[in-house]
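The values are calculated or read from the model by the stated rules, or taken from the named source; none is laboratory data. These numbers were taken from a predicted model, which means no experiment stands behind them. Because the Cβ atoms are built from the backbone with ideal geometry, glycine has one as well, and the counts that use them run over all protein chains shown.
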Amino acid sequence: NAFIDAIDKANPHLNAYVVTTPELARERAKQSDAKRAQGKAGALEGAPLGIKDLFCTEGVRTTAASGVLGEFTPTYESTVSGNLFRDGALMLGKLNMDEFAMGSSNETSHFGPVVSPWRRGNEDSKLTPGGSSGGSASAVAADLCLGATATDTGGSIRQPAAFTGTVGIKPTYGRCSRWGIVAFASSLDQAGPIAKTVEDAAMLLQSMAGHDPKDSTSLPNALPDFRAATQRSIKGMTIGVPEEYRVDGMPQEIEDLWQQGIAWAKDAGATIKPISLKHTKYALPAYYIVAPAEASSNLARYDGMRYGARVSGKDLNATYENTRASGFGAEVQRRILIGTYVLSAGYYDAYYLRAQKVRQRIAQDFRDAFGSVDAILTPATPSAAFALGEKGDDPVAMYLNDIFTVTANLAGLPALALPAAVDKQGLPLGLQVIGKALDEESVFAVSAALE
Ligand code: GLN
């Protein structure tokens with residue numbers, strides 16, 4: 001009830017939830033009380049969560065923050081949200097996001113931008129909570145839920161976490177099933193939690209993750225005890241610091257944040273090792289070819305026939321065109337155009353194939369580095385949160401936000417963002433800890449030591 005009241009009060013301003021489900025939540029809470037009384041409480045029994053509106057929820061409208069999905073109401077539950085409910089968690093509602101998870105500021109949502117609960121000094125300007133999981137980050141930061149689901153294709157869990165002083169982890173590609181999550185770029189998409197603490201994130205991921213035969217890229221590996229990993233000492237561990245992440249024009253406060261993290265890791269008994277990830281500078285261009293290419297293919301299904309909204313025309317093609325022209329926002333249309341272009345005959349070799357090769361080099365850089373380090377420490381973002389509207393009409397400036405986060409997606413590695421400092425105006429800044437494939441345990445151990 002406290003969370004439902006808090007949402008009623010703050011959501012008109014923050015716009016974090018696009019749908020609230022208070023009756024459903026109260027009903028589930030009663031069931032949780034009953035289970036608890038019988039001594040049958042699950043690991044997350046009664047925990048009130050927000051669900052990003054990219055996860056299909058049975059009987060509850062799911063929009064991916066796009067007009068094209070209209071009133072689409074799934075008849076099935078995504079594996080990840082289903083796993084959380086299996087363990088006793090309950091849903092307070094569906095969280096706002098960038099349309100189809102394309103964006104870094106939540107300004108591409110069909111439902112309008114999410115507002116961050118943070119303020120820059122005593123300025124009035126509204127700040128972005130980041131994107132695309134801005135609703136998840138804003139809701140967790142403003143105590144409108146205990147934790148939230150989110151997804152990360154190029155940084156959409158970690159950048160919003162860094163902007164709002166929360167913790168977000170993108171696990172190894174394949175840890176969480178993608179079944180029932182609206183697809184953006186299937187080879188990069190991963191679900192993960194946004195939470196208040198590293199331990200909460202570990203507990204949520206424990207429930208969300210696990211093999212699912214319904215997703216052919218879901219990993220069969222057994223899940224380690226993530227929460228136990230947060231208690232592990234990092235004494236004797238080696239942590240890599242990649243020189244290439246010291247990018248041009250990086251503000252001093254980000255450099256200071258990084259040095260602070262390095263000092264804390266040393267205090268906790270870790271050894272710091274400078275490393276080189278040579279192909280880092282090609283990561284952003286490669287990502288912004290691969291992601292739109294896959295998106296252009298995935299979004300072909302929104303044709304006005306199968307799901308949601310339809311705007312009829314004089315014939316079938318006109319219906320497709322009308323539906324897409326009115327249903328998709330500007331950023332989504334831009335991605336479809338870029339993706340279709342880089343996949344077209346004559347350009348495929350020059351762009352898409354080359355980006356795939358770069359992707360392999362980036363993954364190889366990481367494998368080489370992990371030959372001598374246990375984890376990698378970097379800043380999560382190149383700046384603190386910016387004002388809504390500040391980068392709205394400059395897509396390239398917006399894409400530069402993802403400079404530190406896209407590498408982990410291209411290489412499929414687990415990476416966590418945690419709050420570690422505040423800038424001069426009191427805004428949170430986040431560190432990022434990247435681990436080897438399937439080694440979320442080291443990521444959790446290092447992150448908990450830095451928390
Ligand atoms: N900001 C990136 C993009 O716009 C990443 C989005 C995401 O991770 N879903 O593609």
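Within the set of pairs 6 or more residues apart or between chains, which connect a residue that is within 14 Å of Leu438 (Cβ to Cβ) inside segment 207-219 to a residue that is surrounded by fewer than 15 Cβ atoms within 10 Å (Cβ to Cβ) and small (Gly, Ala, Ser) with Cβ atoms less than 9 Å apart? The qualifying pairs are Gly210/Ala222; His211/Ala222.
Within segment 80-104, which residues are away from the ligand (no atom under 16 Å from the Cβ) and assigned to a loop (DSSP other than H, G, I, E, B)?
Applying the first criterion (away from the ligand (no atom under 16 Å from the Cβ)) to segment 80-104 yields 81-94.
Matches in segment 80-104: Asp87, Gly88, Ala89.
From the list Ala291, Ala265, Ala295, which one is touching a Leu at 6+ places or on another chain (Cβ under 8 Å), of a type in the set (A, V, I, L, M, F, W, C) and either outside any helix (DSSP H, G or I) or within 16 Å of the ligand (Cβ to nearest atom) (or both)?
Working: Ala265 fails: either outside any helix (DSSP H, G or I) or within 16 Å of the ligand (Cβ to nearest atom) (or both); Ala295 fails: touching a Leu at 6+ places or on another chain (Cβ under 8 Å).
Unique residue meeting the criteria: Ala291.
Of the residues examined, Gln425 is one that is over 19 Å from the mean Cα position of the chain (by Cα), under 27 Å from Pro113 (Cβ atoms) and either surrounded by fewer than 24 Cβ atoms within 10 Å (Cβ to Cβ) or in contact (Cβ under 8 Å) with a residue 40 or more places away in the chain (or both). Say whether the condition of being assigned to a helix (DSSP H, G or I), in contact (Cβ under 8 Å) with a residue 60 or more places away in the chain and more than 16 Å from the ligand (Cβ to nearest atom) is met by at least one residue in segment 342-351. Taking every residue of segment 342-351 in turn, at least one turns out to be assigned to a helix (DSSP H, G or I), in contact (Cβ under 8 Å) with a residue 60 or more places away in the chain and more than 16 Å from the ligand (Cβ to nearest atom). Do we find a residue being within 14 Å of the ligand (Cβ to nearest atom) and surrounded by 20 or more Cβ atoms within 10 Å (Cβ to Cβ) anywhere in segment 363-381? Within segment 363-381 (the criterion being within 14 Å of the ligand (Cβ to nearest atom) and surrounded by 20 or more Cβ atoms within 10 Å (Cβ to Cβ)), the answer is yes, since at least one residue qualifies.
Screening segment 360-451 for helices (runs of 4 or more DSSP H) wholly inside it with 2 or more residues that are under 14 Å from Ile239 (Cα atoms) and touching a Ser or Thr at 6+ places or on another chain (Cβ under 9 Å) returns the ranges 440-450.
Every condition in (1) surrounded by fewer than 24 Cβ atoms within 10 Å (Cβ to Cβ); (2) of a type in the set (Gly, Ala, Ser); (3) within 16 Å of the ligand (Cβ to nearest atom) is met by Gly67 except one, and the failing one is (3). Condition check for Glu77 on (1) over 22 Å from Ala43 (Cβ atoms); (2) away from the ligand (no atom under 16 Å from the Cβ): one failure, at (1). On the stretch given as segment 123-182, residues that are under 16 Å from Leu205 (Cβ atoms), among the acidic types (Asp, Glu) and away from the ligand (no atom under 13 Å from the Cβ) total 0. Could you grab me the full set of residues in segment 178-208 that are of a type in the set (Phe, Trp, Tyr) and within 13 Å of the chain's Cα centre (by Cα)? Within segment 178-208, Phe184 is the sole residue that qualifies. Screening Glu243, Glu253, Glu294 for residues that are more than 30 Å from Arg361 (Cα to Cα) and either crowded, with 21+ Cβ neighbours inside 10 Å or at pLDDT 95 or above (or both) leaves exactly one candidate, Glu253. In the set Lys235, Lys273, only one residue is away from the ligand (no atom under 16 Å from the Cβ), assigned to a strand (DSSP E or B) and over 30 Å from Pro48 (Cβ atoms); that residue is Lys273. If the condition is being within 13 Å of the ligand (Cβ to nearest atom), crowded, with 18+ Cβ neighbours inside 10 Å and either at pLDDT 95 or above or not aromatic (Phe, Trp, Tyr) (or both), then segment 383-399 contributes Lys391, Met398.
Pairs please, first residue from segment 237-266 and of a type in the set (Lys, Arg), second anywhere and surrounded by fewer than 14 Cβ atoms within 10 Å (Cβ to Cβ), Cβ atoms under 8 Å, 6+ apart in sequence or on different chains. Correct list of pairs: Arg246/Glu255. Would you confirm whether any residue within segment 36-43 is at pLDDT 95 or above and either closer than 27 Å to Val311 by Cβ or outside any loop (DSSP other than H, G, I, E, B) (or both)? Among the residues of segment 36-43, at least one is at pLDDT 95 or above and either closer than 27 Å to Val311 by Cβ or outside any loop (DSSP other than H, G, I, E, B) (or both), which makes the answer yes.
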